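K.L.:
Below: one structure in structure tokens.
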């Protein structure tokens, strides 16, 4: 741990400063030119060759007193931290093992100790218990204990609950080895961080107490006591407090810097930081280039089969005319195209990786397009590009997205505001997270109506209640005033759908909208989407890794893998006669889990309608 | 296909009245739950804090005899005095009788001069409350201001300068800041008085000039923590899915920020105020010594050195009470701001 901290520049500064302060504390009195308690010169002189920091109000050498004060101040801080560790860690560890009652009581005590006005209690405790050094250390250590209670408790909990300890023990490792190898590496950094900050805090508190003349009384030299006398003569020697102040600040800042360095270098992120730094140091440009090339080659490998497939599906994705939707469902004159995406390419602008390429599809009014593919295949990125909400680091490098005949390439902010919600909207997986936890659910729907449709408050509420009924929510009045944490996932998805269709959009994108809901709720939501498609003429883009979902809703299916389209065509054709082996694989996998039901019933029926 | 179209029968036709009643029920349940959560967090803190305070007096071994009778007291005289003060009763009887008096505003009499402690404290409290209040105000105003700047200019040099600034001032202890402020503003620039207090009745300018330096010394830690929590809170809130959700619904960036991000994002900054308040109160002990204000902090340390147990206990229990009340307010604000935030107590 120390070795890692040393590798950071800030860590080296912290360690150097702490060593200096510790050196002063231990050997300070050996270096002092005079006896710190003796009058050795005239009163209140300025710095001179004889008295480097001048003399105080009874002619004692200030430098000697600063050096003598280092011992008590710094060692006091170390002792305080040690006492706090003892008082905190012991009940912290035991709270995990000694049962509920002990746990509850200690937790309440810790809550209380944290809430106490610290310094007043430290002063009162020290003075009432006898006003000595020992009492001061005990009082401050006791009041600082909560930090260590919490750290040791969470460390113990993580070890007690962790499976790796069990796994390692089962695989025959000795307990001691497990503790050293796994537990210590997890527990040591937080304890080191707390110790370091507590030492800094302890120095401040001990100095505060001695400044007040509590715990240690004059003439004994402490940094706090020195500052108290400096303050009395501040009009005569305004520079006098500087030296103790600088020493205290160096010590406190070094403690915090050290804690930060431990925090930065601990754990997985710390390892990355260190290796990144090492890489920077070994800044061999050639090396770097080679690395990059290798990385690109590696990345190039995975989309390779996909690109060979694009040829396969090229005729399908090339133009919408080629995509013949199921004949039975489409009237003679085809409905207008509401969403048209062509040759879309999305690139990570940082490492230039191609995340989506040659993506293309179009959706007609009232139709449903299903996009299927494993996670990471670029489904969600594609629809984020369609909605204009790609993360900043990703760029649409080529291709067009046309919504209701308007090319989004040169959309202004206002254009996006006009089109989102009004023409195109979306619902997502984990619906609760897409609704504000602090605002009534109903208000979030009526907000859209008030802002975008300029409805009055009352009209917006009435319309919201109507929408809640339309998505089959029971007791709309009640739900209007409920919060996210008060409803189940299925109900939240209905609310999210109500918000999405509030303005009557033409296209609704459902990105994994039923994933993680349980099976009956899932089919209810799918039914709802289908109903909205039919009653409101909504066009759907349904994105899922689940073929069953796609099969139930889609007229047309698009299969994605590694950022590219590998198969695209009418749902029946893709699901019944998959051309590409990956699609075939998906389907055979699914057949085992009941895809048959959908293939035979739903799609079969669809063709008959 | 059409058969699958009607899912679980919608309860659209349900009587509106029923629904109204359950809406009221919902509100009541929520209110009671919030009150319950806040009280179960705060009452143990007050009880344990007061118990700790009272125990401190008991284990100190100090008695009024020690203060009033001196070294040569006869055992009989000591016993009589103990009986007079009720100190021969069992500990918990004493504690609950003291607690009952405290809750009715009677903080007992000083062992030194038999004066009611509440009288001794009343005039001093205004000084400490002035300093802590102004410090809290500075903490809120500058904390939110600096934090908002950091968020506005996120990951630019402004943000980095603010980060360094806040992490530096957060470790500067009040008594060091206080000495430096006196050095600069009272001794060197001679702009402000270095010590003393003027009541508000003597004029706002005069009051402020005496209280501002102690308040600044106290406020640094609060400013730094509020700014940091605001920065982190807003940054975290603006990354949440509900922000994406609001954008997709077609709401403007301004509206998304002010309605959806701000409300959730300031939660941590408000919560940290509850944690910082004890420091503002406790710090009084040192700042009052530096600026020679005879507030309750000075009273506490002087009484403690003298061994005047009831006086010390009164100050301590009042400070615990203030912390609890302040946290009650913070928790109510938080519960209104972010209803889902389970109150984590103090």
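Values quoted throughout were computed directly from the atomic coordinates according to the rules given, and no laboratory measurement underlies them. Given the structure is predicted, the values throughout are model-derived calculations rather than measurements. Every residue, glycine as well, gets a Cβ built from its backbone with ideal geometry; the counts of neighbours run over all protein chains shown.
K.L.:
Highest first, please rank the peptides A:565-576, A:132-143, B:293-304 by the mean number of other Cβ atoms sitting within 10 Å of their residues.
P.N.:
B:293-304, A:565-576, A:132-143
K.L.:
Please find, in a Gaussian network model of chain B (springs between Cα atoms separated by less than 10 Å), the residue of B:122, B:335, B:41 whose mean-square fluctuation is greatest.
P.N.:
B:122
K.L.:
Kindly give the semi-axes, whole Å and largest first, of the ellipsoid equivalent to the stretch B:289-328, taking each as the square root of 5 times a Cα gyration tensor eigenvalue. Walk me through the intermediate numbers first.
P.N.:
Details: eigenvalues 83, 41, 5 Å².
Result for the stretch B:289-328: semi-axes of 20, 14, 5 Å.
K.L.:
What distance in nm separates the simple spin-label points at residue B:154 and residue B:122, each placed 7 Å from Cα in the Cβ direction?
P.N.:
Distance between the two pseudo-spin positions: 5.2 nm.
K.L.:
For chain A, what is the percent of antiparallel DSSP beta bridges, rounded to the nearest 5?
P.N.:
Values: 25 of 45 bridges.
Within chain A, antiparallel bridges account for around 55 percent of the total.
K.L.:
Next up: Working out 0.36 nm times the residue gap between residue A:176 and residue A:275, then minus their Cα-Cα distance, what length gain in nm do you get to one decimal?
P.N.:
32.7 nm
K.L.:
Show me, bin by bin at 10 Å from 0, the whole-percent P(r) of the stretch A:1-147 based on Cα pairs.
P.N.:
For the stretch A:1-147, the pair-distance distribution reads 11, 23, 26, 25, 11, 4, 1.
K.L.:
Return the single residue from B:188, B:111, B:98 with maximal mean-square fluctuation; model: Gaussian network over chain B, springs between Cα atoms under 10 Å.
P.N.:
B:188
K.L.:
Given the C-alpha atoms of the stretch B:30-92, compute the convex hull and give its volume per residue in Å³.
P.N.:
Hull volume normalised by residue count: 97 Å³.
K.L.:
Helix B:267-282 against the longest principal axis of chain B: what's the angle in degrees, Cα atoms only, rounded to the nearest 10?
P.N.:
Around 0 degrees separate the two axes.
K.L.:
Helix B:157-169 versus the longest principal axis of chain B: what angle, 0 to 90°, nearest 10, using Cα atoms?
P.N.:
For helix B:157-169, the angle is close to 30 degrees.
K.L.:
Grab the DSSP H runs of the protein assembly as shown that are 4 residues or longer, score each as -39,500 (n - 2.57), total them, divide by all residues and round the 222 nm result to the nearest 500 deg cm²/dmol. Could the numbers behind the result be given before it?
P.N.:
Numbers: 40 runs with 590 residues, N = 955.
When only DSSP H runs of four or more count, the value is -20000 deg cm²/dmol.
K.L.:
Same structure again: Suppose R0 equals 51 Å. What FRET efficiency, 1/(1 + (r/R0)^6) with r the Cβ-Cβ distance, do residue A:27 and residue A:415 give to the nearest 0.05?
P.N.:
0.10
K.L.:
Can I get the semi-axes of chain A's equivalent ellipsoid? Compute them from the C-alpha gyration tensor as square roots of 5 times the eigenvalues, in angstrom, largest first.
P.N.:
That gives 68, 29, 26 Å for the three semi-axes.
K.L.:
Here's a follow-up. Students often get this wrong: which residues of the stretch B:232-262 have the backbone nitrogen under 12 Å from the point 7 angstrom along Cα-to-C-beta of residue A:453?
P.N.:
Within reach of a label on residue A:453: no residues.
K.L.:
For the stretch A:214-260 and the stretch A:520-549, what is the separation of their C-alpha centers, rounded to whole Å?
P.N.:
Between the Cα centres of the stretch A:214-260 and the stretch A:520-549 lies a distance of 71 Å.
K.L.:
Please report, to one decimal in angstroms, the Kirkwood hydrodynamic radius of the stretch A:95-174 built from all distinct Cα-Cα pairs.
P.N.:
About 15.0 Å for the stretch A:95-174.
K.L.:
A further question follows. Helix B:296-306: angle to the longest alpha-carbon principal axis of chain B, degrees 0 to 90, nearest 10?
P.N.:
Long axis of B:296-306 versus the principal axis of chain B: about 40 degrees.
K.L.:
Sticking with this one: To one decimal place, what Kirkwood hydrodynamic radius in Å is obtained for the stretch A:340-489 from all pairs of distinct Cα atoms?
P.N.:
Result for the stretch A:340-489 stands at 17.7 Å.
K.L.:
Quick check: the distance between the Cα centres of the stretch B:124-172 and the stretch B:65-117, to the nearest angstrom?
P.N.:
Using only Cα atoms, the two centres lie 44 Å from each other.
K.L.:
For the pair residue A:157 and residue A:235, what calculated FRET efficiency results from E = 1/(1 + (r/R0)^6), where r is the Cβ-Cβ distance and R0 = 41 Å, to the nearest 0.05?
P.N.:
0.15
K.L.:
Next question, about the same structure. Each label point is 7 Å from the Cα along the Cα-to-Cβ direction; what then is the distance between the points at residue B:88 and residue B:192, in nm?
P.N.:
5.4
K.L.:
Along the three principal axes, how long is chain B when you take its alpha carbons, biggest first, rounded to the nearest angstrom?
P.N.:
Computed over the Cα atoms, the extents are 102, 58, 34 Å.
K.L.:
Would you mind giving the mean number of other chain beta-carbons within 10 Å of the Cβ of each residue in A:429-436, as a whole number? Before the final figure, lay out each step's value.
P.N.:
Working: counts 1, 1, 2, 2, 5, 9, 5, 15.
Mean shielding count: 5.
K.L.:
Pick from B:114, B:327, B:264: which is most flexible by mean-square fluctuation in a GNM of chain B where alpha carbon atoms under 10 Å apart are linked?
P.N.:
B:114
K.L.:
Multiplying the sequence separation of residue A:38 and residue A:58 by 0.36 nm and subtracting their Cα-Cα distance, what value in nm do you get?
P.N.:
6.3 nm
K.L.:
While we're here: Which of the peptides A:387-396, B:308-317, A:248-257 is most tightly packed, and how do the rest follow, going by the mean number of other Cβ atoms within 10 Å of each residue?
P.N.:
Highest mean packing first, the order is B:308-317, A:248-257, A:387-396.
K.L.:
A further question on this structure: At 7 Å along Cα-to-Cβ for each site, give me the label-to-label distance between residue B:254 and residue B:51 in nm.
P.N.:
5.5
K.L.:
For the stretch A:1-85, what is the convex hull volume of the alpha-carbon atoms per residue, in Å³?
P.N.:
Numbers: hull volume 10.6 nm³, N = 85.
Hull volume normalised by residue count: 124 Å³.
K.L.:
Right, next: Computed FRET efficiency, Cβ-Cβ of residue B:74 and residue A:186, R0 56 Å: what is it to the nearest 0.05?
P.N.:
On the way: r = 63 Å, r/R0 = 1.12.
In this case the efficiency is close to 0.35.
K.L.:
Could you list A:343, A:546, A:555 in order of exposure, starting from the residue whose Cβ has the fewest other Cβ atoms within 10 Å?
P.N.:
Ranking A:343, A:546, A:555 by Cβ neighbours within 10 Å, fewest first, gives A:343, A:546, A:555.
K.L.:
Additional query: So if I restrict to the alpha-carbon atoms in the stretch A:415-566, what is the Rg, and what is Dmax, the biggest pairwise distance, in Å?
P.N.:
15.3, 50
K.L.:
Once you have the Cα-Cα distance between residue A:82 and residue A:351, take 0.36 nm times their residue separation minus that, and quote the gain in nm to one decimal. Mind dumping the intermediate values first?
P.N.:
Working: separation 269, 0.36 × 269 = 96.84 nm, distance 4.81 nm.
Here the answer is 92.0 nm.
K.L.:
Quick one: work out Rg over Rh on the C-alpha atoms of the stretch B:256-346, Rh as Kirkwood radius.
P.N.:
1.16
K.L.:
Over the whole of A:122-135, what's the average partner chain Cβ count within 10 Å per residue? Rounded to a whole number, please.
P.N.:
Mean shielding count: 6.
K.L.:
Out of every Cα-Cα pair in the stretch B:146-248, what percent are more than 22 Å apart?
P.N.:
Summing the P(r) tail past 22 Å for the stretch B:146-248 gives 50 percent.
K.L.:
Right, here's the next one. Hey, got the average number of other protein chain Cβ atoms within 10 angstrom for residues in A:400-412?
P.N.:
0
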